[in-house]
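Asker: Have a look at this one before I ask anything.
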Amino acid sequence: MKVPLSQPDITEAEIEAVVSVLRSSRLSIGPKQEEFEQQMAVYIGVPHAIAVSSGTAGLHLCIRALGISKGDEVIVPSFTFIAAANAIRYEGAVPVFIDIEPETLNLDPSRLEEAITPKTRAILVVHTFGCPADMDAILDIGRRHHLLVIEDACEAIGAEYKGRKVGSFGDAAVFAFYPNKQITTGEGGIVVTPHEQVARSIRALRNQGRYESDDWFQHDTLGYNYRLSEISCALGCVQLQRIESILARREAVAQKYDEILRSRKELTVPPIALHHKRISWFVYVIRLAANFGQLQRDAVVQFLATKGISCGRYFAPIHKQPAYRHYKVRHPLPATESISRRTIALPFFNGLADPDIEQVCTSLMRSVESICLEREQAKI
Ligand SMILES: *Cc1c(COP(=O)(O)O)cnc(C)c1O
């Protein structure tokens, strides 16, 4: 048996769309970029969408275009992908880590106010694993303290909070299309924003600092090449047209896991439905019970690997990464530290069949039970 952790869902329609771009000889800055941006703006319900070369590039441009710079502080969870904090550091700003809520794994709004200082400029909220963060509370605190709100929606395309798509709440938001995300462009991302000036600035920054009116060799600002190719945009258009069926299939996979695993006392499954929220399933992450530790978690992952089942350890907290060893953690992160030691991302993708899900669960429980048994025997 060989079960990967994730796998993109590519049909003949995507292949045809890519081939027809290759035949067109227009490979960058063309009609597919415009089409992808327009479709995405309509889908999310925002006025402006700018395609970029990755989610990380998109986050960087948000920080830059919103004027966050050296010495400014941005509040961000540590329990997430490292790009969220790196984007802040690229501009010399300081990520300030706060803890998460154990149920949703999203940043805990009750921890926000104690992290705000006179240098705080923004809250970078991540919709973790496709579960919408508590936007009412976050926007309310943001407004009261005059902070920008940036949504890292890289894991959450299609997720909704109170009937509105995530990505439509903040001053800017980013989606990502790496092959393990809900939809893919190979590599790629998109920034959305309600602010016309921010959109204009991001368009220039992704294109070597050129504004629309500039000629090719006029660069008004220090820019980057963060463009997304026509090939990727064409792929993204087809994936976006299929998104409802993709999200429905992912939800069905999550429900199947939930059915099998939810009553097991040795582990906690993710919430399958939440009031006011539509989850867009990015990954399916369970965690072992609190009496398990990192060693046991790693043993389970190792055991599954010997059975041909690939699992992930989402996330090793950012503040524990060697790249962050010089960073002072100002606020305690007990939920982040305790939960991150016990998480296992199970194989999760559209094409995962029910018998494979059953097999993954059987192997998982066999491993967990054997650890429990060893412990019992050690006690005697
Ligand atoms: C995937 C992801 C990103 C961006 O990733 P890229 O590989 O640069 O597209 C950013 N933040 C989070 C939380 C992510 O999961």
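The values are calculated or read from the model by the stated rules, or taken from the named source; none is laboratory data. Nothing here was measured: the structure is a model prediction, and the numbers come from that model. Glycine also receives a Cβ, built like all others from the backbone with ideal geometry; neighbour counts cover every protein chain displayed.
Asker: Here is a list: 363, 280, 310. Which entry is more than 22 Å from residue 78 (Cβ to Cβ) and touching a Gly at 6+ places or on another chain (Cβ under 6 Å)?
Answerer: Answer to the selection: 280.
Asker: Return the pairs, sorted by first residue and then second, in which the second residue is modelled with pLDDT under 95, the first residue lies in region 353-364 and is surrounded by 17 or more Cβ atoms within 10 Å (Cβ to Cβ), the beta carbons are less than 7 Å apart, and the residues are 6+ apart or on different chains.
Answerer: Correct list of pairs: 359/1.
Asker: What about residue 122, is it small (Gly, Ala, Ser), in contact (Cβ under 8 Å) with a residue 12 or more places away in the chain and within 16 Å of the ligand (Cβ to nearest atom)?
Answerer: Criteria met by residue 122.
Asker: Can you find even one residue in region 189-205 that is surrounded by fewer than 22 Cβ atoms within 10 Å (Cβ to Cβ), away from the ligand (no atom under 14 Å from the Cβ) and farther than 14 Å from residue 50 by Cα?
Answerer: no
A quick yes/no check of all residues on (1) farther than 28 Å from residue 322 by Cβ; (2) within 16 Å of the ligand (Cβ to nearest atom); (3) not in a strand (DSSP E or B):
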{"position": "71", "(1), (2), (3)": "no, no, yes"}
{"position": "74", "(1), (2), (3)": "no, yes, no"}
{"position": "81", "(1), (2), (3)": "no, yes, yes"}
{"position": "97", "(1), (2), (3)": "no, yes, no"}
{"position": "105", "(1), (2), (3)": "no, yes, yes"}
{"position": "113", "(1), (2), (3)": "yes, no, yes"}
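Asker: Among 50, 63, which is the only one that is within 16 Å of the ligand (Cβ to nearest atom), part of a helix (DSSP H, G or I) and within 26 Å of residue 168 (Cβ to Cβ)?
Answerer: Unique residue meeting the criteria: 63.
Asker: Right, something else. Say whether the condition of being touching a residue at least 12 places away in the same chain (Cβ under 8 Å), hydroxyl-bearing (Ser, Thr, Tyr) and in a helix (DSSP H, G or I) is met by at least one residue in region 304-315.
Answerer: The answer is no, given that none of the residues of region 304-315 is touching a residue at least 12 places away in the same chain (Cβ under 8 Å), hydroxyl-bearing (Ser, Thr, Tyr) and in a helix (DSSP H, G or I).
Asker: Now for a different question. Residue by residue through region 125-136, note down the ones that are in contact with a strand residue (DSSP E or B) (Cβ under 8 Å, 6 or more places away or on another chain) and either within 14 Å of the ligand (Cβ to nearest atom) or of a type in the set (Gly, Ala, Ser) (or both).
Answerer: 125, 126, 127, 128, 129, 131, 132, 133 - these are the residues of region 125-136 that are in contact with a strand residue (DSSP E or B) (Cβ under 8 Å, 6 or more places away or on another chain) and either within 14 Å of the ligand (Cβ to nearest atom) or of a type in the set (Gly, Ala, Ser) (or both).
Asker: Only residues that are surrounded by 14 or more Cβ atoms within 10 Å (Cβ to Cβ) and free of Cβ contacts under 8 Å to residues at least 24 places away in the same chain: list them for region 208-225, please.
Answerer: Within region 208-225, 208, 209, 210, 211, 214, 219, 223 meet the criteria.
Asker: Can you tell me which residue among 59, 148 is out of contact with any Cys (no Cβ under 6 Å at 6 or more places or on another chain), surrounded by 24 or more Cβ atoms within 10 Å (Cβ to Cβ) and in contact (Cβ under 8 Å) with a residue 12 or more places away in the chain? Reasoning before the result, please.
Answerer: Details: 148 fails: surrounded by 24 or more Cβ atoms within 10 Å (Cβ to Cβ).
The conditions single out 59.
Asker: Still on this model: Can you tell which of 282, 292 is in contact with a helix residue (DSSP H, G or I) (Cβ under 8 Å, 6 or more places away or on another chain), away from the ligand (no atom under 16 Å from the Cβ) and of a type outside the set (Lys, Arg)?
Answerer: Only one candidate qualifies: 292.
Yes/no matrix, rows are residues, columns are (1) closer than 19 Å to residue 106 by Cα; (2) crowded, with 16+ Cβ neighbours inside 10 Å; (3) out of contact with any Ser or Thr (no Cβ under 7 Å at 6 or more places or on another chain):
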| position | (1), (2), (3) |
| --- | --- |
| 256 | no, yes, yes |
| 269 | yes, yes, yes |
| 283 | yes, yes, yes |
| 318 | yes, yes, no |
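Asker: Would you check which residues across region 319-347 are charged (D, E, K, R) and over 15 Å from residue 76 (Cβ atoms) and list them?
Answerer: Those that are charged (D, E, K, R) and over 15 Å from residue 76 (Cβ atoms): 325, 337, 341, 342.
Asker: What number of residues within region 12-36 satisfy the criterion of being part of a helix (DSSP H, G or I) and buried (at least 16 other Cβ atoms within 10 Å of the Cβ)?
Answerer: 8
Asker: List every residue pair whose Cβ atoms sit under 6 Å apart, with the two residues 6 or more apart in sequence or on different chains, where the first one lies in region 85-109 and is buried (at least 20 other Cβ atoms within 10 Å of the Cβ) and the second, anywhere, is of a type in the set (Lys, Arg) and assigned to a helix (DSSP H, G or I).
Answerer: 98/111; 99/111
Asker: Let me ask something else. Take the residues in region 175-188 that are buried (at least 21 other Cβ atoms within 10 Å of the Cβ) and under 18 Å from residue 60 (Cα atoms); name whichever of them is farthest from the ligand (Cβ to nearest atom).
Answerer: 175
Asker: Let me ask something else. Tally up the residues in region 139-174 that are within 16 Å of the ligand (Cβ to nearest atom) and outside any loop (DSSP other than H, G, I, E, B), please.
Answerer: Counting residues in region 139-174 that are within 16 Å of the ligand (Cβ to nearest atom) and outside any loop (DSSP other than H, G, I, E, B) gives 7.
Asker: Would you mind finding the one in 3, 76, 46, 94 that is aliphatic (A, V, I, L, M) and more than 23 Å from residue 128 (Cα to Cα)?
Answerer: 3
Asker: For region 115-138, what are the residues that are assigned to a loop (DSSP other than H, G, I, E, B) and within 20 Å of the chain's Cα centre (by Cα)?
Answerer: Matches in region 115-138: 127, 131, 132, 133, 134.
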